[in-house]
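Presented below is the structure to which this report refers.
Since every read-out is calculated from the coordinates, none of them should be taken as a lab result. All values derive from a computational prediction rather than experimental measurement. Positions of Cβ are generated from backbone atoms using ideal geometry, with glycine treated the same way; all protein chains shown enter the neighbour counts.
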Amino acid sequence: MISGRCAACKSQRRKCPPDCIFSPYFPPNDPQRFACVHRIYGCSNVGKMLQQMPVQMRAQAVDTLYMEARWRIEDPVYGCVKLISQLHQNLGDTESELAKVKALIAFHKLQISQVNELHQPNLDASQSNIVEQFQFDYPAQNHYPWFIN
Amino acid sequence: MGGTSPCASCKLLRRRCAKDCIFAPYFPSDDPQKFAIVHKVFGASNVGKMLQELPAHQRADAVSSLVYEANARVRDPVYGCVGAISFLQNQVSELQMQLAVAQAEILCIQMQHEPAEPVAVTQNPELDDSNPHHQRQQPYYLQNEQYLNFASSSNVIQDSLQRESFFGHDMVS
């Protein structure tokens, strides 16, 4: 029966067996999905990748392969890596902006505490809190995954 | 006949490395792992086609990004680079939240102590000059390649990559 083939088998012009590894993830009504993935990764590589992972993870894997394939087709030079690079940049910019604002907060608090001390000289405890303001909740370096320097 | 050694791709594929081999400039024989990983994920034939469709001056960058993606996919076969993107977006959101809290705090301080000189955080010239980030919705431009070591730099941004949001939920968990 020809109708009932998944998009992968249709594209490869072959019979779609009942245990076809592609058919749950490449329905016949979305040929573009398989076409993208096939163009970038190749049918055989995708099949091997799917075979090497547990069944319950395959749908997610195909979704991410499809996303990356689309990005690569839209931008053949950088693919999704450009977005990663931009996010790194974004992260660095936001981090430095946050550091500046926190420094400004500390500066203001120090000013206020100095003014207060002029009027009430016994407020030493407020100054010891200033240094803590410099710390923020960024994850420690050794918690970063491999794609963060 | 010269004794030039075949490139990493021709070595792996066990074929003669032609003078005009498309892989040779980007997959030197002293780094076999680089081609091995790209071949494993994309396949030599697909990589060759992709390189052929690009002008020569863009191929080095394309190979770098393919190697990066291939490494990501090997480390995380389910999520690949998408996992990294999701993580980074979460990190950025979290930091932006902290930044909003900090900016609100400084406004509070300024309002509580009116006689102090009002310093508008967003008017900091360092922020305005050195990065466009003061308007968070503006697209970003590749300003440095410290992570990805591209041979060339490019200012071309595709807004579809910026606006496209696949990450309404945390994909990694």
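Figures for the structure shown
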| read-out | value |
| --- | --- |
| Average partner coverage of A:64-76, which counts Cβ from other chains inside 10 Å | 6 |
| Cross-link pairs B:Lys11/B:Lys34; A:Lys15/B:Lys11; A:Lys48/B:Lys19; A:Lys15/B:Lys40 - those with Cα-Cα distance over 24 Å | A:Lys15/B:Lys11; A:Lys48/B:Lys19; A:Lys15/B:Lys40 |
| Neighbouring partner chain Cβ atoms per residue of B:87-95, average, 10 Å criterion | 6 |
| Average beta carbon contacts from partner chains per residue of B:43-50, 10 Å cutoff | 3 |
| Inverse mean reciprocal Cα-Cα distance (Kirkwood Rh) of region B:8-75, Å | 12.0 Å |
